[in-house]
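Here the structure comes first, spelled out in structure tokens, and everything after it is commentary.
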């Protein structure tokens, strides 16, 4: 019983962390925007790198938090492209 409770708590804490994330605009994946966002993200999380398609942070206890990642995508969409931030969504897997 205790193991099940601990496992469910650990799962809940890690539920929003992903190893791969990118950015989409109006439903279309944008690897160039994902690269800009990843460089921005890596200033705070140096274990992160861009693999040519997505931002990656693999490892035990690490990962990219999806909600925060989406904000980073939106922040980079505005200055880099002059687009509307509400058109941007983070995609993580």
When the range 61-93 is checked residue by residue, the ones that are under 13 Å from residue 18 (Cβ atoms) and either more than 9 Å from the chain's Cα centre (by Cα) or part of a strand (DSSP E or B) (or both) are 62, 64, 65, 90, 91, 92
Out of the residues in the range 68-80 that are surrounded by fewer than 16 Cβ atoms within 10 Å (Cβ to Cβ) and modelled with pLDDT of 95 or more, state the one that is nearest to residue 92 (Cα to Cα). 68
Extreme residue, surrounded by the most Cβ atoms within 10 Å (Cβ to Cβ), among residues of the range 28-47 that are outside any helix (DSSP H, G or I) and modelled with pLDDT of 95 or more: 30
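For the range 2-20, state whether one or more residues are at pLDDT 90 or above, surrounded by 13 or more Cβ atoms within 10 Å (Cβ to Cβ) and part of a loop (DSSP other than H, G, I, E, B).
In the first step, residues of the range 2-20 are kept if they are at pLDDT 90 or above; the result is 17-20.
Add one more test, that the residue is surrounded by 13 or more Cβ atoms within 10 Å (Cβ to Cβ), and what stays is 17-20.
Restricting the remaining residues to those that are part of a loop (DSSP other than H, G, I, E, B) gives 19.
Yes: the range 2-20 contains one or more residues that are at pLDDT 90 or above, surrounded by 13 or more Cβ atoms within 10 Å (Cβ to Cβ) and part of a loop (DSSP other than H, G, I, E, B).
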Based on what the data block shows, is residue 83 surrounded by 15 or more Cβ atoms within 10 Å (Cβ to Cβ) and modelled with pLDDT under 85? yes
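The values are calculated or read from the model by the stated rules, or taken from the named source; none is laboratory data. None of the values given here were measured: they were computed from a predicted structure. Glycine gets a Cβ as well: all are built from the backbone with ideal geometry, and neighbour counts include every protein chain shown.
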